[in-house]
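Below you'll find the structure, written out as structure tokens, and then a few comments.
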Protein chains: 2
Amino acid sequence: MAEKDENSRTLNEREQSILHHVVQNYIQTAVPVGSRYISKHFESGLSAASIRNVMADLEEFGFLSHPHTSAGRVPTDLGYRFYIDYLMEMQQLSDEDKLKIQRRLDQAKDAEELLRETSKLLGKISHQLGIVTSPHLGSGIFEKIELIPITSSKLLVVISIRTGIVRTIMMEIGAEIRRDHLDEVSRLMNERLSGLTLIEIRDSFLDRIRDVQGEHTGLIRLFIESVDQLFTDSKEHDKVLIGGTKNIIDHPEFVDPKNFRSVIELIENEDIIVHLLEKHDELQKGFVVTIGSENKDETAKEYSFITGTYDAEGVTGRVGIIGPTRMNYSRVIPLVDYVAQTIAKMLSA
Amino acid sequence: MAEKDENSRTLNEREQSILHHVVQNYIQTAVPVGSRYISKHFESGLSAASIRNVMADLEEFGFLSHPHTSAGRVPTDLGYRFYIDYLMEMQQLSDEDKLKIQRRLDQAKDAEELLRETSKLLGKISHQLGIVTSPHLGSGIFEKIELIPITSSKLLVVISIRTGIVRTIMMEIGAEIRRDHLDEVSRLMNERLSGLTLIEIRDSFLDRIRDVQGEHTGLIRLFIESVDQLFTDSKEHDKVLIGGTKNIIDHPEFVDPKNFRSVIELIENEDIIVHLLEKHDELQKGFVVTIGSENKDETAKEYSFITGTYDAEGVTGRVGIIGPTRMNYSRVIPLVDYVAQTIAKMLSA
DNA sequence: GGTAAGCACTCATTGAGTATTAGTGCTCGC
DNA sequence: GCGAGCACTAATACTCAATGAGTGCTTACC
């Protein structure tokens, strides 16, 4: 179908078929696959020697590689890329799995728990690391704001978003502020900001509120100064939930303690993941797959990231999985896709 | 000093000394320590053979054990216990470490971040897993309650505690409730509950509020039904933050992938940790150490838990570390102690 | 009775050497 | 272009002996 694509044109029918088999076999067995094996099991028409020739070509193109001379072939990141883009057939998610997901996630009592459960569930079903980023509220629609004095110097700001998600921020204030002033200011903001997204508010707050004069100036100025903190997802909040560590370590790649460390590194250093997922956010288009060295970070060079977007009325985030480049893409991608849709629905409800 | 204690009386001077050396040496090197080594390095007066005799006795008492015939001795959990209770000398925390702790924790912007940083920092300095439980608010002193309608069926309850900690709970309500009713009810509760601890409130809520009649009955009934959810730390909330995984895996005990799995198991299954820490809460007395099989859980049988309490005006929790039974107790205990005191101060401020 | 020297014994660890095996690359005849 | 054959390579697995750390026990000494 992708005949005219540049990449695919460089491989003829036979080369594609053999690459396909090598990748699939390697994904299943984690053992470098040899020419003889392919010949016996799949391409019965061809002898091992012929397949060796094709493999040598594929290696030259950069799709396969050799751990050492006398070993079988292993896909490179480029090999996986080609496989995913042109060869792979998606595997339907089983009804059983779908049901399991529904049932498990239905039990979550709030958004926080839903996301946490999702990460664990993804990890469990995929046998990889499940990841979920907490929602970006930026495109969520402002419903209302409430100001609650906590102590003389602390003010709790509650911003509620249309989907029913609530954000609370503790603000330091200079001096105590009278309750009726707070009420007046919040009334004012609710009036003027209703229906906008948080991003719109952040960008136009000054214009919309500037004219307020009189006894509220001090309080208003405080809000103007804090507008970023209030209406932008703080870096802080850009958290990623990771679940299912114990599922991933069964993979044969983790007999090498080096890989073990790298996965721990990833889990502890959420920043790395957050950073790599920013690229996913840019790419968007349903689900995104980045394979091994396509991830710019050194620690993540052996891992693939697969994520999809969930969008609940503007409140968006990503769900997905992380695992060794050798993973069952055809199974995992539909899984991520389905889970993303499911939690989007649940968050909107 | 503990001469008359039952346990210590069973060991004479020499036995204690040798046990001491074995434990210390094993903690440092992770290598079973032999009689010859002890003779050479410490008890110069005695020959290896004599030391062997003493060791054999210590083994009979259950303080030492033998991985296999031709290996040196290794402390048992009981051996560590004796060491900690009677032999060990605490190592003062260095000023440098103290400064580092102060500086790092001072940067935290809120309680949540403070606790998270603490867990990481503890992990890093101790080279073990750092753990921090989120505060139990039960003995915290009620300051006030605020009720904020979010949607027609959702009510945000904000309870603030004297130290400035705030708890927010989303409550489902049957039907929309008029704002002035909410205000009236919260005013009432604030009036009647002020100064009590959350536990006191939970236990006496009905008595204190029962007499309210008239148009608020419905709302009041709702609160009476939800009193547990509002004023008790939900199981849910009994979270434990774990930090520093990458620090712990350098220990030689983790060359065995079996141990690797068990530590992952612990990290993923917070429940296990929470449960084991309940026992610590019972024991209290500053810091608590449980060693290996003293922890009832199978997964934790190879690990020691050391925790201390932090108490910020009734808001309490535990900080500590988890690591293999072979750990530098004399260094880690003062560390945990100091950190506990530090964050208690910071949370109270 | 405590101490230590001596000796036999145990068992994990190491390293060398060897065989095995999976697989390649290349050549050559069909 | 295909495939059979063969030399070559490298990892892996296995055996075997040597090493060495350390114990347990017996016995002699003070």
| request: For the range B:105-172, state which trypsin sites (Lys or Arg not before Pro) are in a DSSP loop and have at most 13 other beta carbons lying within 10 Å of their beta carbon. | output: B:K109
| query | Between exposed GluC sites (Glu not before Pro) in chain B, where DSSP calls loop and at most 16 other Cβ atoms lie within 10 Å, what's the longest gap? | reply | B:177-312
| request: Whole Å is fine, so just give me how far the alpha carbon centre of the range B:83-155 lies from that of the range A:169-190. | output: 30
| task | Output the residues of the range B:151-176 meeting this criterion: accessible area (heavy atoms, 1.4 Å probe) in the chain alone minus accessible area with all protein chains in place is 10 Å² or greater. | result | B:T151, B:K154, B:L156, B:V158, B:S160, B:G164, B:V166, B:T168, B:M170
| Roughly what angle does helix B:270-283 make with the longest principal axis of chain B, taking Cα atoms, 0 to 90 degrees, to the nearest 10? | 80
| request: Could you go through the range A:74-80 in sequence order and give the Karplus-derived ³J(HN,Hα) for each residue, using 6.51 cos²θ - 1.76 cosθ + 1.60 with θ = phi - 60°, rounded to whole Hz, and x for Gly and Pro? | output: 10, x, 8, 4, 4, x, 4
| said: For a quick check: with amide H placed at 1.01 Å from N, whose amide H comes under 5 Å from A:M88's, ignoring anything fewer than 5 positions away on the same chain? | reply: none
| query | Rounded to a whole number, what % of the accessible area of the protein assembly as shown do carbon and sulfur atoms account for, probe 1.4 Å? | reply | 48
| task | Enumerate the calculated ³J(HN,Hα) couplings along the range B:328-333 in order (Karplus 6.51 cos²θ - 1.76 cosθ + 1.60, θ = phi - 60°), each rounded to whole Hz, writing x wherever the residue is Gly or Pro. | result | 7, 4, 5, 8, 6, 4
| message | What number do you get for the range B:6-87 when its Cα radius of gyration is normalised by 2.2 N^0.38 Å, N = residues? | response | 0.97
| message | I'd like the accessible area for B:D238, computed on protein heavy atoms only with a 1.4 Å probe and all protein chains in place. Round to 10 Å², please. | response | 40
| task | Quote the accessible area belonging to B:V31 in square angstrom, nearest 10, computed with a 1.4 Å probe and with ligands, DNA and RNA left uncounted. | result | 80
| task | Mind grabbing the base-10 log of I(q)/I(0) for the range A:98-245 at q = 0.10, 0.19, 0.22 Å⁻¹? Debye formula, identical points on the C-alpha positions, no solvent, two decimal places. | result | -0.45, -1.10, -1.36
| task | Place the label 7 angstrom along Cα→C-beta at B:I169 and in each other copy, then list the distances from the first to the rest in nm, shortest first. | result | 2.7
| query | How much net charge surrounds A:S152 when only other residues with a Cβ under 15 Å from its Cβ are counted (Lys, Arg +1; Asp, Glu -1)? | reply | +2
| field | Sum of -39500 (n - 2.57) over DSSP H runs of 4+, divided by residues of the protein assembly as shown (222 nm, nearest 500) | value | -14500 deg cm²/dmol
| task | Using all C-alpha to C-alpha distances in chain A, build P(r) with 20 Å bins and read off the rounded percent in each one. | result | 26, 44, 22, 7, 0
| query | Taking only the alpha-carbon positions of the protein assembly as shown and ignoring solvent, what does the Debye formula give for the base-10 log of I(q)/I(0) at q = 0.05, 0.08, 0.10 Å⁻¹? | reply | -0.33, -0.80, -1.09
| message | Once you place label points 7 Å from the Cα toward the Cβ at A:H41 and B:D57, how far apart are they in nm? | response | 6.5
| message | 7 Å along Cα→Cβ for the label point: how many nanometres lie between B:T232 and each equivalent label in the other copies, listed shortest first? | response | 4.3
| field | Centre separation in Å (Cα based) which lies between the range B:289-333 and the range A:41-62 | value | 58
| Label-point separation, A:V227 to A:S50 (7 Å along Cα→Cβ), nm | 7.1
| message | Measuring nothing but label to label, 7 Å from Cα along Cα→Cβ, what are A:E60's distances to the other copies in nm, shortest first? | response | 7.9
| query | Sorting A:T316, B:T10, B:T245 by accessible area (1.4 Å probe), largest first, what list results? | reply | B:T10, A:T316, B:T245
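The values are calculated or read from the model by the stated rules, or taken from the named source; none is laboratory data. These numbers come from a predicted model, not from an experiment. Backbone-built Cβ (ideal geometry, glycine too); neighbour counts: all protein chains shown. Areas reflect the complete protein model, heavy atoms only, side chains present, ligands, DNA and RNA absent. Shrake-Rupley method; radii C 1.70, N 1.55, O 1.52, S 1.80 Å.
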